[in-house]
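Chemist: Can you read through this structure? Questions will come right after.
Since every read-out is calculated from the coordinates, none of them should be taken as a lab result. Not measured: the values here are computed from a predicted model. FYI the Cβ positions are ideal-geometry reconstructions off the backbone, even for glycines, and counts take in every protein chain you see.
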Amino acid sequence: MATSYSADFEKALQVGRPPNIQALFPNSKALIVSGKVVDRAMLAKGKAIAMAANGRSYFVIRGALMAAQRANAPIIIEIAKSEGGRTSYCAVNYWNMARIVDALCNELGITVPVAIHADHYGIKNDKDLAEAMVEVPTMFQAGITSIAIDASHQPDDLNLLANIAINPCIPAWASIETEVGEIKGNSGLSTIPEAKFLIQGLNAHEIYPDWIALNNGTSHGLEASDAGIQVELTAGIHHALTPYKLSGAQHGTSGNSSVRLREIANQTATTKANVATALQMISWGLEVNDYGNAQLDANGNFIKVPGEGMSEEMWAEMVAYADAKGWKKGDYKSLNLPFENKLLAQPKAIRERMAKRVEEFVYKMLTEVFNAADTAPLGIAAILKANSYDLGAKGSLLEDPAYWTKEQIIQRAKSLDVDKGAAGNFDD
């Protein structure tokens, strides 16, 4: 059956797709947009959060898009640098993700706005920054419409300076996420002075991020406990940043209860929540709890639900592969790349149940936890009001640029009393 498109959707399709998307997919019916559209839709409803689904596989992307359509909610499809950069553990990457999303949107008749987000684009040193100057433009040429610049691994002055340096490589219409405090659980929690330093410095250089991500007590990957997000800390930092009109981006959502995630929606300025590990495990057919955490049996092994996700034979092959590599449970994410094609070669019924399981989980999150149901028309309305793919910045110049030169940034950072927490590699 042919998809029926509303007049508002058709108009949004004409004016709301950024230039890179128009060039890549000139005849497409996929409403691929800047992440600004998604953020504005959540703000228009209020106390609503968009899911940013980490598209580690085709099945996760397909299921997430079906859920978004069913919930009538915009969605963000994203991949992180560690997952889909030049050195990665997923077949989906920065350069093919938009093509996968566009093809699926047209096949499935998706009519909700969809943003393509480069998550956790890490800049850890000068070499990374030099490479970013070349690489980031190629990502937008390949269909990225939103980016998270993550220089949070560096000291505060270098974090700010890296964000400033890379900004000319990002199209003005694209949505930007910045980060203060590396995501590493309860170690090195973000503070108000750190967050204000980053955002005030960016503001002085007329850079107005759409989202700020914090280290607010959560972590990437499999949660070992229910420590999770510190709501009060998050709300306090968001309140301190009110004049700058930022929204919050919540990382490490997998492993946090629905109760806590509802608190994040109701008590903070969060409009974007990343979900990654949970969707991977669900698509595979593993048993998960309400938090999206994969469950383990008495022997400490993942529990494969019979008749769900991939075939039992394929799961046995994956486990054997991991065992041969000596991989622990947290390493199972690295199975995505070597097994994507094998999973795609399974019978249609199995492929469909993998995506369907993701759809059911994402739909429940969107409608019962994130309060995002029926926000798609609000995103389309934002496009029509602007009559453009460029919705402009929420913030405006508040800081005096004369007080935020490179030398002053370095000097001012010395007065920050911060605890960066434990050392180590916290990428996921």
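Chemist: Using the beta-carbon distance between Gln141 and Asn299 and R0 = 56 Å, what value does 1/(1 + (r/R0)^6) give for FRET efficiency, to the nearest 0.05?
Modeler: Efficiency computed from Cβ-Cβ geometry: 0.70.
Chemist: Using a simple spin-label model with points 7 Å from Cα along the Cα→Cβ vector, what separation in nm is obtained for Val259 and Asp374?
Modeler: Here the modelled spin labels are 2.9 nm apart.
Chemist: Name the long-range amide H neighbours of Lys394: under 5 Å, sequence gap of 5 or more, or other chain; modelled H, no Pro or chain starts.
Modeler: Long-range HN contacts for Lys394: none found.
Chemist: Something else: For Cα pairs less than 8 Å apart in space and 6+ apart in sequence, what is the mean separation divided by the residue count of segment 205-340, i.e. the relative contact order in percent?
Modeler: After rounding, I find 19 percent.
Chemist: Pairs of alpha-carbon atoms within less than 8 angstrom and 6+ residues apart define the contacts here; what relative contact order does the chain have, in percent?
Modeler: Result for the chain is 24 percent.
Chemist: Right, something else. Nearest 0.05, what FRET efficiency do Asn266 and Asn106 give at R0 = 22 Å with Cβ-Cβ as r?
Modeler: That pair, Asn266 with Asn106, gives E of 0.05.
Chemist: Per Stokes-Einstein, at 4 °C and 1.567 mPa s, what whole-number D in µm² s⁻¹ belongs to segment 204-314, with the Kirkwood radius over Cα pairs as the hydrodynamic radius?
Modeler: 84
Chemist: Now a separate question. For the chain, with only Lys/Arg (+1) and Asp/Glu (-1) charged at the beta-carbon, what is the dipole magnitude about the Cα centre, in debye rounded to 20?
Modeler: 800
Chemist: Once fully extended, how much extra length lies between Ala402 and Lys29, figured as 0.36 nm per residue of separation less the alpha-carbon to alpha-carbon distance?
Modeler: Length difference between fully extended and current span is 129.6 nm.
Chemist: Give the Cα extents of segment 295-352 along the principal axes, in whole Å, largest first.
Modeler: Here the spans come out as 32, 23, 15 Å, largest first.
Chemist: In nm, to one decimal, how far is the Glu206 label point from the Asp331 one, both placed 7 Å along Cα→Cβ?
Modeler: The modelled label-to-label distance comes out at 5.1 nm.
Chemist: Any idea how far apart Asp8 and Ala386 come out in nm if each label point goes 7 Å out from Cα toward Cβ?
Modeler: Reported label-point gap for Asp8 and Ala386 is 1.7 nm.
Chemist: Out of Leu189, Leu279, Leu108, any idea which swings most in a Gaussian network model of the chain, alpha carbons joined below 10 Å?
Modeler: Leu108
Chemist: Under a 10 Å cutoff between Cα atoms, tell me which one of Asp390, Asp150, Asp128 has the largest fluctuation in the Gaussian network model of the chain.
Modeler: The residue with the greatest mean-square fluctuation here is Asp128.
Chemist: Name the most mobile residue of Thr277, Thr87, Thr111, meaning the one with the largest mean-square fluctuation, in a Gaussian network model of the chain with Cα contacts below 10 Å.
Modeler: Evaluated over the chain, the most mobile residue of the options is Thr87.
Chemist: Normalising by the residue count of segment 1-118, find the relative contact order in percent from Cα pairs under 8 Å and 6+ residues apart. Spell out each step's value before the answer.
Modeler: Numbers: 165 pairs, mean separation 37.2, N = 118.
After rounding, I find 32 percent.
Chemist: Roughly what % of DSSP beta bridges within the chain run antiparallel, to the nearest 5?
Modeler: The antiparallel fraction comes to roughly 10 percent.
Chemist: Find out how many positive minus negative residues lie around Glu206, taking Lys and Arg as positive, Asp and Glu as negative, among other residues whose Cβ is under 15 Å from that of Glu206.
Modeler: -1
Chemist: Could you please state, rounded to a whole Å, how far the C-alpha centre of segment 1-74 is from the C-alpha centre of segment 295-361?
Modeler: 28
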